[in-house]
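What follows is a short report on a single structure.
The values are calculated or read from the model by the stated rules, or taken from the named source; none is laboratory data. What you see is a predicted model, and the numbers here were worked out from it, not measured in a lab. Positions of Cβ are generated from backbone atoms using ideal geometry, with glycine treated the same way; all protein chains shown enter the neighbour counts. The accessibility values were calculated without ligands, DNA or RNA, using every heavy atom of the protein model including side chains. Shrake-Rupley method; radii C 1.70, N 1.55, O 1.52, S 1.80 Å.
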Amino acid sequence: TRMEVVTTDERKRTERTCAGCGKHADAGELVRVILDPSSGELAVDMASSGFGRGAHVHGAPTCLAKALKGGFNRVFKADVKGDAEALSAAIVEAADRRIEGLISGAKRAGQLAIGGDAVSETKGFALLVVARDAAAAAKLSVVERAVAEGNAIAFADKSRIGAVIGGTKEVAVIAILHAGVAEAVAKTYRLSGAFRESKVSWTSSSEVR
């Protein structure tokens, strides 16, 4: 079996500094933001694909607040405009767009199991996505197991998930089969998780489709 070895230099090249707390972390564990030089306003670059200089911050309200108090100014060497509430909302919005794009792509590639019956019959899925208004999905043993193992996320609502996968019906639960896509979805959700206000009860009553 071939073993992949990551050198110290390679690890340093992927590390970035949080503009809030100043600690180093892998770039994939930080939220990237870019600056519009004309307006001095920040934009969230969740996919890390935007051009220009970027700053990075942990997905934590405390780090974001510190970054807005001066950290972003130091990184961009400019007077940065922004407030924590607006940027937190922008992080969630950018994360949702990326997650929806990943799910839509997985659907086109045939890498989704859709609905409670299909998910229950699927073996070896990488991640479950359960609609926030479909908490009765917890009654399915496959969902209970995935939740217990930390292999499920609560995302959007049944109508939105149905729209994302190109259907007209509400969808309560889907399974992502592709490991790479599932990892990207989980990472994006994790980065934005601290900024999501609503809490999800996996045991409240709701219909599973």
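Within the chain, antiparallel bridges make up roughly 80 percent of the DSSP beta bridges whose residues both belong there. Computed from point charges on the beta carbon alone (+1 for Lys and Arg, -1 for Asp and Glu), the dipole magnitude for segment 51-209 about its Cα centre is near 520 Debye. Rounded to the nearest 20, the Cβ-based charge dipole of segment 11-64 about its Cα centre (Lys and Arg +1, Asp and Glu -1) stands at 300 debye. When the charge dipole of the chain is built from unit charges on Cβ atoms (+1 for Lys and Arg, -1 for Asp and Glu) and taken about the Cα centre, the candidate among Ser159, Ala86, Ala65 whose Cα reaches farthest toward its positive end is Ala65.
Ligands, DNA and RNA aside, Lys187 has an accessible area near 70 Å² when probed at 1.4 Å. Computed about its Cα centre, the charge dipole of segment 137-200 is approximately 80 debye, with only Lys, Arg, Asp and Glu carrying charge at their Cβ. If you count Lys pairs in segment 67-196 whose Cα atoms are under 20 Å apart, skipping same-chain pairs closer than 8 places in sequence, the total is 9.
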